[in-house]
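Below you'll find the structure, written out as structure tokens, and then a few comments.
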Amino acid sequence: MGLFIVFEGVEGSGKSTQSRELYRRLQKAELEAVLIREPGGTPTAEYVRDWLIGGHDISPLTELLLFSATRASLVESVIRPALSKGEIVVCDRYIYSTLAYQGYGRGMDMGAIDNLNGIATGGLEPELVVLLDLPPDIGFQRKRGGDPNDRFEREDLAFHQRVHEGYNALAANDPKRWLVLDASLPMESLASAIWDRVLEIQAER
Ligand code: TMP
């Protein structure tokens, strides 16, 4: 069985940079790895991603179901096959984004989200979740001049604050699985801390 690693964080936290850096290190170490992002990673999911981020006429329920649908497609056709070949899967966002954004951010029912997450993934959870923790106002500054059509970047600071608090609550509930790092640290120190944890998990298995 392979190893499943997820990156989470608010907009501008640097999780895409860090997931790419981890993938680069894995490749350099000649470990078989796959790098994917959510929503996305399959042709259908990439197609739906554009609408989820830039579309209009999307209610909170439609949004929740579309995130779950793209996740089901990614788990079925990319994540499970890679893990069963013994590969390391690095995923930029996963079920915790839905709990943080649709649950804490939009106030949708947590129990319903948990059920949908379970259905979409068949209960598949990662061995490690890296949370790049950053106060959302700083994330906003980092993203200034970002995409004005991005439905999530257009949300107000209070929404992103709820998302941020949600992430911290999720991490506090499962400290063994979550590695919480201060995203304002230099990129290289973050990359080394993540790399050390991955090696530690590999050594324990
Ligand atoms: P990205 O900015 O990391 O590419 O992610 C796209 C946006 O989608 C981001 O603003 C967070 C949002 N999102 C959710 O609201 N729920 C989810 O389940 C996922 C995967 C992403």
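The values are calculated or read from the model by the stated rules, or taken from the named source; none is laboratory data. Predicted model, so just to flag it, every value in this text is computed and none were measured. Glycine gets a Cβ as well: all are built from the backbone with ideal geometry, and neighbour counts include every protein chain shown.
Remark: pairs (first residue in the stretch 83-94, on the phi > 0 side of the Ramachandran plot; second residue surrounded by fewer than 24 Cβ atoms within 10 Å (Cβ to Cβ) and assigned to a loop (DSSP other than H, G, I, E, B); Cβ separation under 6 Å; 6+ apart in sequence or on different chains) = GLY86/GLY2; ARG93/GLU38.
Residue by residue through the stretch 32-47, note down the ones that are touching a Cys at 6+ places or on another chain (Cβ under 9 Å) and among the acidic types (Asp, Glu). Write out each step before concluding.
To start, the set of residues in the stretch 32-47 that are touching a Cys at 6+ places or on another chain (Cβ under 9 Å) comprises 34-38, 41.
Result: GLU38, single match.
Residues in the stretch 34-43 that are within 17 Å of the chain's Cα centre (by Cα) and away from the ligand (no atom under 14 Å from the Cβ): VAL34 only.
Total residues in the stretch 134-165 satisfying the condition of being touching an Asp or Glu at 6+ places or on another chain (Cβ under 8 Å), assigned to a loop (DSSP other than H, G, I, E, B) and small (Gly, Ala, Ser): the figure is 1. Look at the stretch 40-68: where a residue is under 16 Å from GLY105 (Cα atoms) and a partner is among the charged types (D, E, K, R), sitting 6+ places away or on another chain with Cβ atoms under 7 Å, you get LEU52/GLU63; ILE53/ASP150; ILE53/ARG151; PRO60/ARG106.
Answer with yes or no whether ASP196 is out of contact with any Pro (no Cβ under 7 Å at 6 or more places or on another chain), assigned to a helix (DSSP H, G or I), surrounded by 12 or more Cβ atoms within 10 Å (Cβ to Cβ) and not aromatic (Phe, Trp, Tyr).
no
Based on what the data block shows, is GLY111 touching a Lys or Arg at 6+ places or on another chain (Cβ under 6 Å) and either without any contact (Cβ under 8 Å) to a residue 12 or more places away in the chain or near the ligand (Cβ under 9 Å from one of its atoms) (or both)? Answer is no for this residue. Would you please name the residue that is nearest to ALA112 (Cα to Cα), looking only at residues in the stretch 44-70 that are more than 11 Å from the ligand (Cβ to nearest atom) and polar (S, T, N, Q)? In this case the residue turns out to be THR62. Among the candidates ASP196, ASP174, ASP182, the residue that is of a type outside the set (Gly, Ala, Ser) and touching an Asp or Glu at 6+ places or on another chain (Cβ under 7 Å) is uniquely ASP182.
If you take the residues in the stretch 76-98 that are surrounded by fewer than 22 Cβ atoms within 10 Å (Cβ to Cβ) and part of a helix (DSSP H, G or I), which one is farthest from the chain's Cα centre (by Cα)? This residue is SER84.
Return the only residue of ARG177, ARG162 being without any contact (Cβ under 8 Å) to a residue 60 or more places away in the chain, in contact with a Gly (Cβ under 7 Å, 6 or more places away or on another chain) and not polar (S, T, N, Q).
Unique residue meeting the criteria: ARG162.
On inspection, GLY103 passes the criterion of being closer than 24 Å to ALA171 by Cβ and either within 11 Å of the ligand (Cβ to nearest atom) or within 15 Å of the chain's Cα centre (by Cα) (or both). Taking the stretch 114-133 as the range and being under 11 Å from VAL6 (Cβ atoms), more than 14 Å from the ligand (Cβ to nearest atom) and assigned to a loop (DSSP other than H, G, I, E, B) as the test, the residues that pass are LEU124, GLU125, GLU127. Looking only at residues in the stretch 14-30 that are within 12 Å of the ligand (Cβ to nearest atom) and of a type in the set (Gly, Ala, Ser), the one that is modelled with the highest pLDDT is SER19.
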